[in-house]
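The block underneath contains the structure these notes are about, expressed in structure tokens.
The values are calculated or read from the model by the stated rules, or taken from the named source; none is laboratory data. Small disclaimer: the values here were computed from a predicted structure and weren't measured. Counting neighbours? That spans all protein chains shown, and the Cβs are built from the backbone with ideal geometry, glycine included. Just the protein is used for accessible areas: all its heavy atoms, side chains included, with ligands, DNA and RNA removed. Shrake-Rupley method; radii C 1.70, N 1.55, O 1.52, S 1.80 Å.
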Amino acid sequence: MNGRLPRVPTLQKLLQAWPWWLFLLALVGVRLSKGAFLTDAYALLSRPFWPGTAQGEWIQAATRLADQTRLAQLEQDNRRLRGLLDLQRGRGDAITAPVISRETGGWWQQLELGKGQLQGVAAGDPVLGPGGLLGLVQSVTPSTARVRLLTDPGSHVGVWVGRTQRHGLLIGQGTARPVLHFLDKDTGVRPGDVVSTSPASTLLPANVTVGVIQSVNDQAVPAPEAVVQLSAPLDAVDWVQVVPRRAGA
Amino acid sequence: MARLYSQLWCGATGLAVPLLTLASPGLLTVAGVGPSWAVLWLLPWALVDGPRSGAVAGLALGMALDGLQLGGASQIPALALLGWWWGRLGRNGPPVERSFSLGLLAALGSLLLGASLLLQLGLPGSGGWSGEVVLLSGLHTLLAQGLITALLAPLVCSLQLLFWRQQVSLRN
């Protein structure tokens with residue numbers, strides 16, 4: 001032991017090592033920010049290898065397949081349960097018919113279909129189009145059928161608001177938007193609610209979309225009313241489906 | 001004097017009315033409402049062939065058109081009355097030839113026909129239309145149909161008038 005103390009580095013040497021100080025400072029920064037810089041840098045560098053649209057499409061396709069399978073199972077269940085309850089069957093035996101004449105803006109709102117009694121169409125049969133219910137068959141000839149549209153002032157159809165579980169009577173006004181007359185005073189419906197046929201209906205196919213509530217008049221007497229925008233495009237429909245009522249008998 | 005109704009093929013042209021009503025060409029509409037084809041056919045026919053033939057033609061057209069509609073109201077009374085009125089105009093007054101006169105008569109005819117339908121549909125127990133529907137939809141249809149019928153009349157009725165008069169003069 002020569003009794004000499006280790007030499008304290010001079011200030012000049014400390015200053016010469018500035019890159020190391022900077023590196024240390026950066027590490028402290030990473031620590032304090034919980035690695036934000038590193039993860040951001042990693043995200044930037046690895047972006048080309050992220051899961052692309054192909055993977056997204058695979059997942060969407062798988063989801064669609066699962067939904068379709070589930071829908072088919074539910075429909076099968078629904079048919080079985082409705083059969084047990086002796087309610088109307090689904091649209092399995094619907095008759096597809098062309099629209100050969102259309103009057104949606106005159107004194108009467110009606111369609112003429114190119115299929116009639118010979119093909120099994122009968123008065124009172126519901127008529128569906130892309131989007132939902134269009135109306136009911138009013139009269140038939142051997143080869144044609146006349147349909148009273150939901151917009152005709154003479155049309156009165158019982159419908160159902162699923163969200164609030166309220167029944168109502170849909171009455172045509174001669175315009176594109178029929179009015180839904182409720183039976184109860186306290187309806188709780190609001191614009192945007194979907195109107196459909198009743199799930200327990202024996203005259204119409206169950207749960208068929210009719211339209212969407214556009215506005216509600218709570219002050220109407222004796223019960224509230226709502227204006228309904230029909231979901232089926234009456235002016236543009238070229239082919240319809242007639243659901244024979246005896247299918248549910 | 002030769003009469004149009006004695007020529008079968010002339011009367012057969014009336015079949016065009018129900019066919020055009022069924023076809024309801026989308027181009028010939030005002031606010032979605034087409035013209036009254038019955039008025040456009042009946043006006044020149046009655047002007048040339050007289051009140052009795054006009055009334056009978058109106059009756060026949062009304063029966064055909066009533067069979068094509070949903071029901072609740074009939075076009076027969078108004079069309080028969082119009083046929084008789086226009087027939088008297090053609091026989092008693094100066095010849096109706098000018099476009100404005102034809103347009104005016106067609107507009108009046110369409111309005112009268114529409115008013116008779118509106119009256120019947122608004123009656124309780126008939127069409128069952130509420131007052132609101134009569135005001136909203138009925139008046140709209142009435143005015144739009146009157147307008148498009150009046151606009152088409154100078155073109156369609158003038159040609160028909162010429163043709164029917166030619167047929168009558170040829171037979172004489």
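Assorted remarks:
- Some residue of region B:49-65 being more than 10 Å from the chain's Cα centre (by Cα), within 14 Å of chain A (Cβ to nearest Cβ) and at pLDDT below 90: yes
- Tally of residues being touching a Pro at 6+ places or on another chain (Cβ under 8 Å) and either within 21 Å of residue A:234 (Cβ to Cβ) or outside any loop (DSSP other than H, G, I, E, B) (or both) across region A:172-202: 5
- Residue identified as open to solvent by 50 Å² or more (accessible area, probe 1.4 Å) and β-branched (Val, Ile, Thr) among B:56, B:33: B:56
Residues are listed down the side, and each one gets a yes or a no for (1) crowded, with 21+ Cβ neighbours inside 10 Å; (2) more than 25 Å from residue B:72 (Cβ to Cβ); (3) under 24 Å from the mean Cα position of the chain (by Cα):
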{"position": "A:64", "(1), (2), (3)": "no, yes, yes"}
{"position": "A:108", "(1), (2), (3)": "yes, no, no"}
{"position": "A:131", "(1), (2), (3)": "no, yes, yes"}
{"position": "A:134", "(1), (2), (3)": "yes, no, yes"}
{"position": "A:139", "(1), (2), (3)": "no, no, no"}
{"position": "A:147", "(1), (2), (3)": "yes, no, no"}
{"position": "A:159", "(1), (2), (3)": "yes, no, yes"}
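- The one condition in (1) more than 14 Å from every other protein chain (Cβ to nearest Cβ); (2) in a helix (DSSP H, G or I); (3) of a type in the set (A, V, I, L, M) that residue B:96 fails to fulfil: (2)
- When A:106, A:168 are screened for being assigned by TED's automatic domain parsing to the domain that holds residue A:211, of a type outside the set (Ser, Thr, Tyr) and assigned to a loop (DSSP other than H, G, I, E, B), only A:106 passes.
- Considering B:65, B:42, B:59, the condition of being free of Cβ contacts under 8 Å to residues at least 60 places away in the same chain and closer than 21 Å to residue B:152 by Cα is satisfied by B:65 alone.
- Residue in region A:81-102 that is part of a helix (DSSP H, G or I), at pLDDT below 85 and open to solvent by 80 Å² or more (accessible area, probe 1.4 Å) present: yes
- Inside region B:15-26, residues that are buried (at least 16 other Cβ atoms within 10 Å of the Cβ) and at pLDDT below 85 make up a count of 1.
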